Amino acid sequence: MNAGDFLTEAKATIQDRGLQYGHPSDNMSRTACLLSAYLEMPIHDYQVAGIMVLVKLARSMETGSVDTYIDMAAYAGIMGQLHTEENELYV
């Protein structure tokens with residue numbers, strides 16, 4: 001796959017997950033609240049997406065799975081959107 005293919009697949013993944021789970025801000029905000037309570041420090045929704053990028057990066061060290069890189073690109077896009085407050089619906 002070339003870089004454009006990964007990005008195209010990431011976009012499709014974001015759209016599919018939006019249909020299943022709603023806007024990513026909803027889930028990332030809930031997760032941020034849970035992490036904030038657990039860590040006893042404020043965590044924002046876009047930071048949760050960044051953490052997921054790191055999780056996928058760690059996984060990439062174990063395997064070269066195409067899905068890992070697609071997910072990493074999708075989470076990076078979500079992080080950028082949430083951090084810049086361009087919160088349009090994905091569906």
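The values are calculated or read from the model by the stated rules, or taken from the named source; none is laboratory data. Remember, predicted model here, so these are calculated numbers, not experimental data. Because the Cβ atoms are built from the backbone with ideal geometry, glycine has one as well, and the counts that use them run over all protein chains shown.
Here Arg17 meets the list (1) surrounded by 14 or more Cβ atoms within 10 Å (Cβ to Cβ); (2) at pLDDT 95 or above almost entirely, failing just condition (2). You will find that of Glu40, Glu62, the residue that is under 29 Å from Met1 (Cα atoms) and either at pLDDT below 95 or not β-branched (Val, Ile, Thr) (or both) is Glu62 and no other. Among the residues making up region 37-56, those that are loosely packed, with under 15 Cβ neighbours inside 10 Å and in a helix (DSSP H, G or I) are Ala37, Tyr38, Leu39, Leu54, Val55.
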